[in-house]
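The values are calculated or read from the model by the stated rules, or taken from the named source; none is laboratory data. What you see is a predicted model, and the numbers here were worked out from it, not measured in a lab. Every residue, glycine among them, receives a Cβ derived from its backbone with ideal geometry; neighbour counts consider all protein chains shown.
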Amino acid sequence: MRKFFSLGLVRGLLWQILGTAIGIGILTGIRQLLGLAPWKPEPAMVFGALLGAMFFLYGVGVLNDWIRVAAGKEIQEHIDETGLGWRRYFGASLDHKVIGIQYLTLSLVLMVVGGTFALIFRSELATTGMQFLTLMEYNTLMSLHGIVMIVGILVGIAAFMNYLVPMLIGARDMSFPRLNAFAFWLAVPAGIILLSSLVLGGFDTGWTGYPPLSVRAPIGMQMFFLGISLAGFSTILGSLNIIVTIIRQRAPGMIPFRMPIFVWASIATSIISLTATQLIGLSFQMVMFERLFGMGFFDPGKGGNPILFQHLFWFYSHPAVYVFVLPGLGLISEMLPVFARKPLFGYKWVAISSIAIALIGFLVWGHHMFASGMAEYLRVPFMYSTLLVAVPTGVKFFSWLGTLWRGKITYETPMLFLLAGIVVFLLGGLTGPPNATISTDLHLTDTYFIVGHFHDTMFGGYVFPFFAAIYYWFPKMTGRRLNEKLGKLHFWLMTPAFIVLSLAMMRVGMLGMRRRIGDYDPELNFVIDHKIMTVAAFIIALGVLVFLINVFWSIRKGEVATGNLWNSRSPEWQVPSPMPMHNYEKPFEVVGEPYDYGLPGSVYVKFKESE
Amino acid sequence: MEHQHKSSALLLGLLVFGALAVLTAVEFVFALKINLWQFLVLIPLIKAGLVLYYYMHISRLFEADLDANHESYAYKLLTNRIGLWLFLLSDAFIFGGLLLSRINLLGLMRPDLNQVLGLAVTSILLISSFFANRAEILMEFGERKQFILNISITIGLGILFLVGVVGVEWRLAPFGPADSIQGAIFYVMTGFHAFHVLTGVIFLTIVLRNGSRGLYSAEKHWAVEASVVYWHFVDVVWFFFYPALYLIGTLAK
């Protein structure tokens, strides 16, 4: 029992409850002193939640070293945590590999929760009329599905960036390990606050939280804004750490054009998260202030402008989709040559294309606002800048096809997910330009076509590469590999079902199905499509369930795999799995190109024999 | 030789401060005489450039590593500097977003604020930046007592600025946050900035306490440098916020 309460996570949660209670108490007390009506739920809950998050961070122990530094005491530079065993996964560990796995676990938890929300309201949509949900419940679940999945994806890419980047570049850890732990543990109370909106009245705005609707929504709206602001701060600090680590901790000889593609993708992603995230935080905080203090930023009655919110919001939220997909596309480029046994086609162009997508991504946000009343002269420039994104993305597809062409391809589970990722992302990519082109977009705006399009990009750009990466690096994390048969079952359940689901979404969208609504007209004649979609959604869920069973089974009883399982050239596979505490015992030097598979005599990394 | 080097560094700090003061005065007078917004955008940019180069030492980011050992103090120092500057870059986007919101919502109108008070708090923050610069230079030469004196003045001026904005200006302003869009913008911009000033004051106070206990030396004083660079950054933000709130445009009714 005592051991249980010494776990960082448990202490953090207890402190969070305490902090929330104290916050509510303080605010009520202040209102009493000021002579106002003491109990007003909204400010009390907001202040309580904020204080609760801070207390959580203290309770979990990520602030301890910083408090010691501020108090002028010494702290240990490199801490060896190997004695702690599994317990270090539940506390404030400084090891980037532990933090990576913590992120991964949190991501899976969030995505299972978000997916469950989807299953609930997908069942509701199986036929017309409201079956078992009220409209408000439907709206809340639909909104939370969107935002919880987004946070899950952000956490998931942080998982792979944290776990892989220091290993791929030959660093012993991140540049700022304490900041790394802080960033991870901030995401936990953020997720809790976000989900707490479910019991605080929910919110009915969709994940975008547009005012003026979000100004009038229940208190759950505030929890959404606060949770996302905190999660955003967590990704800002995480991406700062990634950029500095990549700039400063590379192994000797790893010049920029010898970095793995995933490292290029990570830096491109991090540039967006580091900067643009502040603006979604700002826009959400401005709505919070509008609700709390009556500041009329987005209230035309007070001289405000609701369109301003959309500009601030989409300035982050469009590049955010590149944050979601760039690491996934990087993972595809990273793993594809291993299974094709051929050099990555056009390495330099692929490396540059990630940066290009990130930079163009800053200039395209207005295409979300073609139908919103944005100044008309902005439409055409945004249309062209958006279409321009297709060029560097096309470079990536060209490279993948060139890599696969005449390769000696083997079809292990990770490779299957990579190929599915490419196909699904192609579907998502081809359905993008109709939404970027003003004339077609005015017809497609806010229909299920958009829903189908972005589910394709998210699955192709994130979910499939993410599963591929788990199957691929699981042996590195645990020393055991995931079961191949269950992996293939997972794949064959999920992939066809998903493709059917997304194509049906686009079909009903073009036939007139609006997005974000709980009910639809039976006269539109697509009830059968909705039934098929619902069945497909449950088959996807079944696939994910098979995956989770596989993980729990393989972690204990899976086939032992400590060597270079995939016959990769990457440095992390040249040492036995799982990785030791501070990564490489012998430092390595980069002496060749990273992806020269199948070229006789080529060497990528050379380990120093003695130090 | 060292003495000469030190006095020339202090003199440079004074010269930069003089230039900033003159530019601020010109900005103020120009705004009252001929209100050209282009001019009121240009001057803060020049001021920011001066501070970025001479006070915040942005060129230090591009120095080559003298020690390639990743565990050495010199190597970690540059790593820390890059980390801090990336944080400032990120933070700059929040303030940029606030400025854009102000332009979008108010355009060429400005809220009705007390000009004397505005100029006073601006001067206070500018002077505090000068003393912060002195504190850092004196630490570089290991003059602990002088360092403590200068950083204490910086903290005092920072607190004075906070009192001026939050304590006085927020009371004098003829509108509350909920009254008009001018009020909303004014309180959110000064509020975000004041929050940063407050964190800067706390940061400087921690550095003052640890410095007076002799934890920093001429060779190793990253915390001093970080707190001072952060302080200058907060000042640079105010370079843009001051004309945006007090000077640009005509008075809103």
Requested in this report: Run down A:I540, A:I528, A:I532, A:I549 and say which single residue is more than 29 Å from the chain's Cα centre (by Cα), in a helix (DSSP H, G or I) and more than 27 Å from A:W405 (Cβ to Cβ).
Outcome: A:I528
Requested in this report: Kindly indicate whether A:I280 is over 30 Å from B:F175 (Cβ atoms) and β-branched (V, I, T).
Outcome: no
Query raised in the report: Considering A:I528, A:I517, which residue is modelled with pLDDT of 90 or more, over 19 Å from A:F464 (Cα atoms), surrounded by 14 or more Cβ atoms within 10 Å (Cβ to Cβ) and of a type outside the set (S, T, N, Q)?
Result: A:I517
Report summary line: Counting only helices (runs of 4 or more DSSP H) entirely within the stretch A:127-217, those with at least 1 residues that are surrounded by 24 or more Cβ atoms within 10 Å (Cβ to Cβ) and β-branched (V, I, T) are A:135-169, A:177-196
Query raised in the report: Among all residue pairs at least 6 apart or on different chains, which show Cβ distances below 6 Å where the first residue, located in the stretch A:171-191, is over 30 Å from A:P252 (Cα atoms) and the second is of a type in the set (V, I, T) and part of a loop (DSSP other than H, G, I, E, B)?
Result: A:W185/A:V62
Query raised in the report: Counting just the residues of the stretch B:108-117 that are aliphatic (A, V, I, L, M) and part of a loop (DSSP other than H, G, I, E, B), which one comes out nearest to A:L282 (Cα to Cα)?
Result: B:L108
Query - Verdict on A:F315 being part of a loop (DSSP other than H, G, I, E, B), at the interface with chain B (Cβ under 9 Å from one of its Cβ atoms) and touching a residue at least 12 places away in the same chain (Cβ under 8 Å) - result: no
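Quick grid of which residues meet (1) out of contact with any helix residue (DSSP H, G or I) (no Cβ under 6 Å at 6 or more places or on another chain); (2) farther than 25 Å from A:D456 by Cβ; (3) surrounded by 24 or more Cβ atoms within 10 Å (Cβ to Cβ):
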| residue | (1), (2), (3) |
| --- | --- |
| A:L308 | no, yes, no |
| A:Y316 | no, no, yes |
| A:L344 | no, no, yes |
| A:Y347 | yes, yes, no |
| A:L359 | yes, no, no |
| A:M369 | no, no, no |
| A:A375 | yes, yes, no |
| A:V380 | yes, yes, no |
| A:Y384 | yes, no, no |
Query raised in the report: So is A:I261 modelled with pLDDT of 95 or more and surrounded by 24 or more Cβ atoms within 10 Å (Cβ to Cβ) or not?
Result: yes
Report task. Would you tally the residues in the stretch A:291-311 being assigned to a helix (DSSP H, G or I) and either more than 8 Å from chain B (Cβ to nearest Cβ) or touching a Lys or Arg at 6+ places or on another chain (Cβ under 7 Å) (or both)? Result -> 8
Query raised in the report: Based on what the data block shows, is A:L108 touching a residue at least 12 places away in the same chain (Cβ under 8 Å), part of a loop (DSSP other than H, G, I, E, B), crowded, with 17+ Cβ neighbours inside 10 Å and of a type outside the set (G, A, S)?
Result: no
Query raised in the report: When the residues of the stretch A:555-591 are filtered to those that are assigned to a helix (DSSP H, G or I) and among the charged types (D, E, K, R), which remaining residue is nearest to A:V338 (Cα to Cα)?
Result: A:E572
Query raised in the report: Pick from A:G421, A:G429: which is crowded, with 21+ Cβ neighbours inside 10 Å, assigned to a helix (DSSP H, G or I) and at pLDDT below 95?
Result: A:G429
Query raised in the report: Got a number for residues in the stretch B:86-125 being within 10 Å of another protein chain (Cβ to nearest Cβ), in contact with a helix residue (DSSP H, G or I) (Cβ under 6 Å, 6 or more places away or on another chain) and either surrounded by fewer than 17 Cβ atoms within 10 Å (Cβ to Cβ) or within 18 Å of B:V29 (Cα to Cα) (or both)?
Result: 1
**Report entry** Identity of the residue in the stretch A:248-266, in a helix (DSSP H, G or I) and either in contact with an Asp or Glu (Cβ under 7 Å, 6 or more places away or on another chain) or charged (D, E, K, R) (or both), that ends up farthest from the other protein chains (Cβ to nearest Cβ)
**Finding:** A:I261
Report summary line: Taking the stretch A:412-433 and the residues there that are in contact (Cβ under 8 Å) with a residue 40 or more places away in the chain and over 21 Å from the mean Cα position of the chain (by Cα), the one that is farthest from A:L489 (Cα to Cα) would be A:P433
Query raised in the report: From the residues in the stretch A:66-94 that are under 19 Å from A:P189 (Cβ atoms) and surrounded by 12 or more Cβ atoms within 10 Å (Cβ to Cβ), which one is nearest to the other protein chains (Cβ to nearest Cβ)?
Result: A:W66
Report task. Give A:T245, A:T269 a once-over and let me know the one that is within 10 Å of chain B (Cβ to nearest Cβ) and within 20 Å of A:E334 (Cα to Cα). Result -> A:T245
**Report entry** The lone exception for B:L113 - which of (1) touching a residue at least 60 places away in the same chain (Cβ under 8 Å); (2) within 30 Å of A:F233 (Cα to Cα); (3) of a type outside the set (F, W, Y) it fails
**Finding:** (2)
Report summary line: In the stretch B:146-183, residues that are touching a residue at least 40 places away in the same chain (Cβ under 8 Å), part of a helix (DSSP H, G or I), of a type outside the set (V, I, T) and within 14 Å of another protein chain (Cβ to nearest Cβ) total 2
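Considering each of B:Y55, B:Y75 in turn, give the residue that is more than 14 Å from every other protein chain (Cβ to nearest Cβ) and not small (G, A, S). Walk me through how you get there before you give the answer.
Working: B:Y75 fails: more than 14 Å from every other protein chain (Cβ to nearest Cβ).
Unique residue meeting the criteria: B:Y55.
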Requested in this report: Please work out which one of (1) closer than 30 Å to A:A351 by Cα; (2) buried (at least 24 other Cβ atoms within 10 Å of the Cβ) is the condition A:T275 fails and give its number.
Outcome: (2)
Query raised in the report: Within the stretch A:143-163, is even one residue over 21 Å from A:S239 (Cβ atoms) and in contact with a helix residue (DSSP H, G or I) (Cβ under 7 Å, 6 or more places away or on another chain)?
Result: yes
Query raised in the report: Quick one: in the stretch A:167-176, which of the residues that are within 12 Å of chain B (Cβ to nearest Cβ) and not hydroxyl-bearing (S, T, Y) is nearest to B:K76 (Cα to Cα)?
Result: A:F176
